[in-house]
Amino acid sequence: MQDVILHLPSWLTGTSSSTRSQLDGVTIIFFVTGNPGLIGYYEQFLQLLCTTGVGKDSIVAGASLGGFDKGMNSVWRLEDEGSEGNTSDNVQHFQSQFQHPPGFEPRNEGIYDLQDQIKLSHARLSYLAKWVILVGHSVGAYIALEVVRMQHEASLSMSNVAPISVSDFRIVATMLLTPTIHNIAHSPSGRIATPVLSNIPFFPTLVQAGAGLLTSAMPASWLGGLVGRITGMTGSALNITTDFLQTPGAVRQALHLARCEMLEIGENQWSEEVWGMNEQERQMNEGRYEVWRSPKHYFLFAKEDHWVADKTRDAIVESVNGRSEVIVDEDGKLGLVHAWCLKQNGLVAGIVNKWIEDVLREERV
């Protein structure tokens, strides 16, 4: 099971050492997973970003969320055939610093809450990034917006007086895919999960114990067959899910994070530092705006999403109207589902690649 997926341009992997100055002008496409936070579910999606769009000349990076890693790392490049497993100094350096960024201390008990995940993602970007496009799925979209807020606060702390200083890296866009950014507890699945996760404190530990007994008592091939029959999964998704169930503490981590989501993802808590300013506000804050610019936001919603209530989706669309680009599969023609990473990677990668091209065209004219 992979912990890290990292695509580096050939000119960067070919050098013998790495410095942050090498990243000036390089686009970093940084992906944040949903829950369960296993980057392996998104390998095909990230590979498509690298091979079918502008990502080939960019750094494309993603990692499992904290508490989900198994210690089996995968770093790959796609510019040259046979390059998988490249062990150049830069590849190894980027892998190490990205997965375990300086300045971030993991929790001793090994269980990460939602705030830990946000801080970990920001710490990873603080090392890796100069010019960033954030892509997030489900709760990863919430984490992405919180990273924007954290970076705004970091830029403020770097300056004692206004206007604020330019921060270490700039987030130029967020791409939020079937996002759970508001009122997740009001969604169809949230209404079921919230009472269980909120009122039974030991529920994650209990389920983890049950999963441990099941996986230890059953041969791996039987477990895979059982998971496949229950979920309908096949191929890599089935293998990743089976590995997930067998990874010590992973089920507990997923349920603990889900509990945090139900409790913390409520009403909109962001203002212009994330969503941007209207024209009047921009004129009043002209000096600050030239230094801190909120990113442009892109949204992709399904027609029906069991983790996003229709009312919540419609309120988000209305609130960002005119400031963001929004795609809602209103007529269902796309057939988009919340867990698109299982069978719809090509569909979503095609949409995201077009957005990335738009960002690069607008930002670098």
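The values are calculated or read from the model by the stated rules, or taken from the named source; none is laboratory data. Since the structure is predicted, the reported quantities are computational estimates derived from the model, not experimental observations. Here the Cβ positions follow ideal geometry from the backbone for every residue, glycine too, while neighbour counts run over all protein chains shown.
Here are a few things to note about the model shown:
- Checking each residue in the range 302-323 for being over 22 Å from E273 (Cα atoms) and either basic (K, R) or in contact with a strand residue (DSSP E or B) (Cβ under 6 Å, 6 or more places away or on another chain) (or both) picks out K303, K311.
- Checked against the criterion of being over 21 Å from the mean Cα position of the chain (by Cα), in a loop (DSSP other than H, G, I, E, B) and modelled with pLDDT under 70, the candidates G71, G85 yield just one match: G85.
Yes/no per residue for (1) within 15 Å of T180 (Cβ to Cβ); (2) of a type outside the set (A, V, I, L, M, F, W, C):
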| residue | (1), (2) |
| --- | --- |
| A302 | yes, no |
| H306 | yes, yes |
| D310 | yes, yes |
| I316 | yes, no |
| N321 | no, yes |
| S324 | no, yes |
| V337 | yes, no |
| K343 | no, yes |
| G346 | no, yes |
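- Close pairs (7 angstrom Cβ cut-off, 6 or more residues apart or separate chains): more than 27 Å from G235 (Cβ to Cβ) in the range 337-365, of a type in the set (G, A, S) anywhere: E357/G53; V359/A173
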